[in-house]
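See structure below.
The values are calculated or read from the model by the stated rules, or taken from the named source; none is laboratory data. As the structure is a prediction and not an experimental result, all values here were calculated from the model. Counting neighbours? That spans all protein chains shown, and the Cβs are built from the backbone with ideal geometry, glycine included. With ligands, DNA and RNA removed, areas are computed over all heavy atoms of the protein, side chains included. Shrake-Rupley method; radii C 1.70, N 1.55, O 1.52, S 1.80 Å.
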Amino acid sequence: MKILGILFLALLIGAGAFVGTEFLRVQVPVPGSERCSQAAPSARQAYEAGPMGQGRLRLAEMGAASQAETPAGAFPGLILCRAEASFASGARDTMWFALVPGSSGRDGEFMVHAAPGDLGRRNILAIR
């Protein structure tokens, strides 16, 4: 009986530690640069699903993502990111992508928009 009591107590302590860790993790905001790194695979998918990615400018490789300065007047809450990319045609350019806060209003939900080059950056910043 003593062993069962000790095992039960250990289980309660472990469950409490897990719940506490998850609660603290939810409360800590993730910096924009880390969000850019986390969103890079989604940006690749967003680009490949769009007309440029399905056309003749196929994405071959995308480098590490970093946060770029978001200009004043951009969509509120928008996080602008950039990554160096190479395309199947051999061209290299900057892949711009943005994390736009979701319309549901829940914190941490973003839509991803991605486009290459300076024109892509301007199109992303024109999102309203």
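Once the whole set of protein chains is in place, how much accessible area is left on THR21, using a 1.4 Å probe, in Å² to the nearest 10?
Using a 1.4 Å probe on the heavy atoms, I get roughly 70 Å².
What residue among ALA72, ALA46, ALA114 shows peak mean-square fluctuation when the chain is described by a Gaussian network model with Cα springs under 10 Å?
Answer for the Gaussian network model of the chain: ALA72.
Assign one of three labels to the range 66-128, namely rounded, prolate or oblate, based on the Cα gyration tensor with a ≥ b ≥ c the square roots of its eigenvalues; rounded applies when a/c is under 1.5, prolate when it is not and a/b is larger than b/c, and oblate otherwise.
Values: a/c = 2.44, a/b = 1.91, b/c = 1.28.
Cα axes put the range 66-128 in the prolate bin.
Averaged over every viewing direction, what's the projected area of the C-alpha convex hull for the chain? Give it in nm², one decimal, please.
Working: hull surface 44.4 nm².
Over every viewing direction, the Cα hull of the chain projects on average to 11.1 nm².
Would you mind checking which residues have amide H under 5 Å from ALA74's amide H? H placed 1.01 Å from N; only 5 or more apart, or other chain.
Amide H neighbours of ALA74: none.
Which of these, SER89, SER66, SER37, has the largest mean-square fluctuation under a Gaussian network model of the chain (Cα springs below 10 Å)?
Comparing SER89, SER66, SER37 in a Gaussian network model of the chain, the most mobile one is SER89.
Arrange the residues VAL100, VAL112 by how much accessible surface each exposes, largest first, with a 1.4 angstrom probe. Write out the running numbers ahead of the final one.
Numbers: VAL100 5, VAL112 40 Å².
Reading off the accessible areas and sorting them downward yields VAL112, VAL100.
Give the ranking of ARG82, ARG56 by solvent-accessible surface, highest area first, calculated with a 1.4 Å probe. Mind dumping the intermediate values first?
Working: ARG82 85, ARG56 225 Å².
Order by accessible area, largest first: ARG56, ARG82.
If I stretch the segment between GLU22 and ILE127 completely, what's the gain in nm (0.36 nm per residue apart, minus their alpha carbon distance), one decimal?
Values: separation 105, 0.36 × 105 = 37.80 nm, distance 3.40 nm.
Between GLU22 and ILE127, full extension yields 34.4 nm more.
Ignoring GluC sites (Glu not before Pro) that are buried or in helix or strand per DSSP, and keeping those with at most 13 other beta carbon atoms within 10 Å, what is the longest stretch of the chain between them? Don't skip to the answer; put the middle values down first.
Numbers: sites that count: GLU69, GLU109.
Between the exposed loop sites, the longest stretch runs 1-68.
Report the residue, chosen from GLY117, GLY90, GLY53, that carries the largest GNM mean-square fluctuation when the chain is represented by alpha-carbon nodes joined by springs under 10 Å.
Evaluated over the chain, the most mobile residue of the options is GLY90.
Tell me, what is the per residue accessible area of the chain in Å², probe radius 1.4 Å? Please list the in-between numbers first.
On the way: 8560 Å² over 128 residues.
Per residue, the chain has an accessible area of 67 Å².
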